Amino acid sequence: MNLTLKIWRQKGPNDKGQMVDYNVKNISEHMSFLEMMDVLNEQLVAKDEEPVAFDHDCREGICGMCSLHINGEAHGPDRGITTCQLHMRRFNNGDTITIEPFRAKAFPVIKDLVVDRMAFERIQQAGGFISVNTSGNTQDANAIPISKHAADEAMDAATCIGCGACVASCRNASAMLFVSAKVSQFALLPQGQVEAADRVLNMVKQMDEEGFGNCTNTGACEVECPKGISLENIARMNREFLRASLKG
Ligand code: SF4
Ligand code: FES
């Protein structure tokens, strides 16, 4: 395949940035999208030009690092996959593909397609943990009865990889789907109850301080989430927040 790529280039956080056109030739339909980007970068390096900076790590849908807005959709046109799992067979010879970074005030661009998602880390640090004694005398997990339903729902919430597609897809740049997944995975389990009230209050406070927008129940986040995180988690987080606020 021969393709035209329209890519966001930005030298650094303070650069204005612009879309730049590139042509790539002989792209195999079996390549992943990131391998296609590797081919482009090899071509740029061969011409002594600056390669395009983009985020990636595992390249198998686990780490949440890859984060491209492709033809206007977070992680591209397919559902339930990350950018690194997208394949070039999804495109046609002669296509023009637009590639931009995830855009949100709380995700400032570092360079080209790389954005700073440390806001998510700070939300996690505010409450995304449990305090347990791990010095060798911890209780066997199997000794704590947990219903199958609760275990399944907690596991589903825990599949969030923190990619930020929910924020990038939301017209308000809301982080509610991400935060609600992180709150839910603990709220559903007995081990998460001790700090439950502080957790939801602190994580929501940090989310607001980071500059994410409010949720207006549009649902774009759920559609674009590569891990199928459900809006049910937002409803659960709202209940947890209300309960914690009344308690406080
Ligand atoms: S909720 Fe989905 S889209 Fe949002 S950070 Fe988690 S995995 Fe990514
Ligand atoms: S590079 Fe790890 S999820 Fe895409």
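The values are calculated or read from the model by the stated rules, or taken from the named source; none is laboratory data. What you see is a predicted model; the values in this text were computed from it and never measured. Here Cβ is always computed from backbone atoms with ideal geometry, including for glycine, and neighbour counts include all displayed protein chains.
Name the residues in region 64-109 that are over 25 Å from ARG171 (Cβ atoms), touching a strand residue (DSSP E or B) at 6+ places or on another chain (Cβ under 7 Å) and part of a loop (DSSP other than H, G, I, E, B), would you?
PHE91, ASP95
Go through region 77-105 and give me each residue that's among the small types (Gly, Ala, Ser) and over 13 Å from the mean Cα position of the chain (by Cα).
Within region 77-105, GLY94 is the sole residue that qualifies.
May I ask you to verify whether GLN191 is assigned to a helix (DSSP H, G or I), in contact (Cβ under 8 Å) with a residue 12 or more places away in the chain, within 12 Å of ligand 1 (Cβ to nearest atom) and more than 16 Å from the chain's Cα centre (by Cα)?
Answer is no for this residue.
Residue check, GLN18 against (1) more than 13 Å from ligand 2 (Cβ to nearest atom); (2) closer than 17 Å to ALA168 by Cα, all met but one. Which one?
(2)
ASP57 passes all but one of (1) within 16 Å of ligand 2 (Cβ to nearest atom); (2) in contact (Cβ under 8 Å) with a residue 12 or more places away in the chain; which number fails?
(2)
Could you say which residue among LEU44, LEU40, LEU34 is touching a residue at least 24 places away in the same chain (Cβ under 8 Å), part of a helix (DSSP H, G or I), assigned by TED's automatic domain parsing to the domain that holds THR82 and farther than 15 Å from HIS87 by Cα?
Every option except LEU40 fails the conditions.
Of everything in region 106-126, what is crowded, with 23+ Cβ neighbours inside 10 Å and more than 22 Å from PHE54 (Cα to Cα)? Give them in sequence order.
Listed by number, the list holds a single entry, ILE123.
When only residues in region 127-169 that are within 16 Å of ligand 2 (Cβ to nearest atom) and in a loop (DSSP other than H, G, I, E, B) count, which is surrounded by the fewest Cβ atoms within 10 Å (Cβ to Cβ)?
The residue in question is THR159.
If I go through region 47-58 residue by residue, how many of them are surrounded by 16 or more Cβ atoms within 10 Å (Cβ to Cβ) and either away from ligand 1 (no atom under 16 Å from the Cβ) or not in a loop (DSSP other than H, G, I, E, B) (or both)? Lay out the reasoning, then the answer.
Of region 47-58, the ones surrounded by 16 or more Cβ atoms within 10 Å (Cβ to Cβ) are 52-56.
Applying the additional criterion that residues be either away from ligand 1 (no atom under 16 Å from the Cβ) or not in a loop (DSSP other than H, G, I, E, B) (or both) yields 52-54.
Counting residues in region 47-58 that are surrounded by 16 or more Cβ atoms within 10 Å (Cβ to Cβ) and either away from ligand 1 (no atom under 16 Å from the Cβ) or not in a loop (DSSP other than H, G, I, E, B) (or both) gives 3.
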